[in-house]
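Asks: Take a look at this one; I'll ask things after.
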Amino acid sequence: MSNQAAPTIFDGHNDVLLKLYRAGGVPAAGTFVSGRDGAIDAGKAAAGGFGGGFFAVYVPSPMDLDFKFKEMTKATYDLPLPDPIDWEDAFPVVMSQAAILFDLEKQGVLSVCRTSAQIRNTLAADKLAAIFHIEGAEAIDADLNTLEVLYQAGLRSIGPVWSRSTIFGHGVPFRYPSPPDIGSGLTDHGLRLIKRCNELGIMIDLSHLNEAGFWDVARHSSKPLVATHSNAHAICAHSRNLTDRQLAAIKESDGMVGLNFAVAFLRDDGRMLSDVPMQQMLRHLDHLIEHLGEDRVGFGSDYDGAVVPEGLTTCAGLPTLRQAMAEHGYDEALMAKLCHENWLRVLETTWGE
Ligand code: ZN
């Protein structure tokens, strides 16, 4: 029988830096190596064949998570978006989480990669490959000075918004059922951000952006369109998922979509309940492959940031997903594309190296 931890899964989104930040910051980073009570750590990654991916830096809003999680188990819901966060408040949080990422690199457990070749070499060396990603651009100032400096520090991917509004654009509230067409498009600052990211070689992440913002990026970006952690709206009519029209635009640009494991974006009924069979994930994958082609689909687990299916609560469980994919009839070549090859291709095109 084939190795259950292969092919290596390079993943579009995780929130482990936020979790380590909340657990105490850099002093808590050692638990990533020694073992922690969460979805991703070094041991679980090795067991599950998790090769790393986009490590999100995210500034949390003061909000009642218990309320949010309870609301999202209901048949319909429409959560209000948290208030915008000022640059002054966001910047220190981004610095703290980035410091955790670089501490993990210092500990030798991962490499912060700036080129696709670096990712390939890191994966080949059986080490975790990390992309420094910012989810929600509150820490970027209108003059983009912080963008320039963060790029020098290794930033290679950014979402102009997590769902709450920024000076750059507006995101979707957590609403089911709902189309993603909620609110207005990118601001002038947002258009300048897209242009500068294109020039620098910073990937623009469309997950969380509303539909008007999506089309603004589609019109103005010179790079492939990418949603790092989003699913098919045709199956789960959640505001966070992508319509078939959006998928067609992503295909046209030769971009890609990473399948989100968050149960609220997987289930037909949009409820945040974790009894989701592998079959449901395969339905999304089939739909994404049908609309995007085999070369434009990957994973974006949302590990350590979302309620995920019972059978996949940590990345040590990824062999179960691989087995389901193989039993579903995905051949070796397709498995490799979905697990990491497609991400590597899109990143190489976007970054130019
Ligand atoms: Zn997210």
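The values are calculated or read from the model by the stated rules, or taken from the named source; none is laboratory data. Here the structure is a predicted model, which is why all the values come from computation and not from measurement. Neighbour counts run over all protein chains shown; Cβ positions are idealised from the backbone, glycine included. Accessible surface areas use protein heavy atoms only, side chains included; no ligands, DNA or RNA. Shrake-Rupley method; radii C 1.70, N 1.55, O 1.52, S 1.80 Å.
Asks: Determine the share of the chain's accessible area contributed by carbon and sulfur atoms, expressed in whole percent, with a 1.4 angstrom probe. If you can, show how the numbers build up before the last one.
Replies: Values: 6740 of 13090 Å².
Carbon plus sulfur share of accessible area: 51 percent.
Asks: Next question, about the same structure. Starting from the Cα gyration tensor of the stretch 35-117, take the square roots of the eigenvalues, sort them a ≥ b ≥ c, and report rounded, prolate or oblate (rounded when a/c is under 1.5, otherwise prolate if a/b is larger than b/c, else oblate). Numbers along the way, then the final one.
Replies: On the way: a/c = 2.50, a/b = 1.46, b/c = 1.71.
It is oblate, given that a/c is not under 1.5 and a/b is not larger than b/c.
Asks: Would you mind checking which residues have amide H under 5 Å from GLY136's amide H? H placed 1.01 Å from N; only 5 or more apart, or other chain.
Replies: Those lying under 5 Å, H to H, from GLY136 are GLY159, VAL161, TRP162.
Asks: Can I ask one more? Roughly what would the spin-label model give for ASP254 and VAL26, points 7 Å off Cα along C-beta, in nm?
Replies: Result: 4.2 nm between the two label points.
Asks: Go ahead and run the numbers for FRET between ASP126 and MET63, Cβ-Cβ distance against an R0 of 45 Å, rounding to 0.05. Mind dumping the intermediate values first?
Replies: On the way: r = 38 Å, r/R0 = 0.86.
Result of the calculation: an efficiency of 0.70.
Asks: If we count every other residue with Cβ under 13 angstrom of ALA98's Cβ, Lys/Arg +1 and Asp/Glu -1, where does the sum land?
Replies: Working: positive: LYS106, ARG156; negative: ASP103, GLU105, GLU135.
Within the 13 Å Cβ shell, the charges total -1.
Asks: Another question, if that's okay. Give me the extension gain from GLU348 to HIS220: residue separation times 0.36 nm, minus the current Cα-Cα distance, reported in nm with one decimal. Mind dumping the intermediate values first?
Replies: Numbers: separation 128, 0.36 × 128 = 46.08 nm, distance 1.98 nm.
That works out to 44.1 nm of additional length.
Asks: Which trypsin sites (Lys or Arg not before Pro) in the stretch 254-353 pass both tests, a DSSP loop state and at most 10 other beta-carbon atoms within 10 Å?
Replies: Working: sites: ARG267, ARG271, ARG283, ARG296, ARG322, LYS337, ARG345; in loops: ARG267, ARG271.
The qualifying sites: there are none.
Asks: Another one. Normalising by the residue count of the stretch 230-353, find the relative contact order in percent from Cα pairs under 8 Å and 6+ residues apart.
Replies: Details: 184 pairs, mean separation 32.7, N = 124.
In percent, rounded to a whole number, it is 26.
Asks: What relative contact order, as a whole-number percentage, does the stretch 3-350 give when Cα pairs under 8 Å and 6 or more residues apart are counted?
Replies: Values: 777 pairs, mean separation 72.3, N = 348.
RCO, the stretch 3-350: 21 percent.
Asks: Through the Karplus equation 6.51 cos²θ - 1.76 cosθ + 1.60, θ set to phi - 60°, convert the phi angles of the stretch 231-238 into ³J(HN,Hα) values in whole Hz; use x for Gly and Pro.
Replies: 10, 8, 5, 5, 9, 10, 7, 8
Asks: Also, quick follow-up: Largest first, what is the accessible-area ranking of VAL26, VAL308 with a 1.4 Å probe?
Replies: Working: VAL26 60, VAL308 15 Å².
So the residues, ranked largest to smallest area, are VAL26, VAL308.
Asks: Test of understanding: what is the full-extension gain from GLU199 to SER34, defined as 0.36 nm times their sequence separation minus their Cα-Cα distance? Don't jump to the answer; show the numbers that get you there.
Replies: Working: separation 165, 0.36 × 165 = 59.40 nm, distance 3.96 nm.
Between GLU199 and SER34, full extension yields an extra 55.4 nm.
Asks: Taking 30 Å as R0, compute the FRET efficiency from the Cβ-Cβ separation of SER96 and ALA46 and round it to 0.05. Show your work: numbers first, answer last.
Replies: Working: r = 27 Å, r/R0 = 0.90.
The computed FRET efficiency comes out at 0.65.
Asks: Where in the stretch 263-300 is the amide nitrogen less than 16 Å from a point lying 7 Å along the Cα-to-Cβ axis of GLN4?
Replies: The answer is 278, whose backbone nitrogens lie closer than 16 Å to the label point.
Asks: Given R₀ = 22 Å, FRET efficiency for ASP286-ALA333 by Cβ-Cβ distance, to 0.05? List each step's numbers first, then the result.
Replies: Numbers: r = 16 Å, r/R0 = 0.75.
Calculated value: 0.85.
Asks: Moving to a separate point now. What are the extents of the Cα atoms of the stretch 3-350 along their three principal axes, in Å, largest first?
Replies: So the extents along the principal axes, rounded to whole Å, are 49, 44, 40.
Asks: Hey, another quick one. So what's the Cα pair-distance distribution over the stretch 279-335, bin width 10 Å, in %?
Replies: Spelled out bin by bin, the stretch 279-335 gives 20, 55, 25, 0 percent.
Asks: The stretch 186-242 to the stretch 24-84: how many Å between their Cα centroids?
Replies: 22
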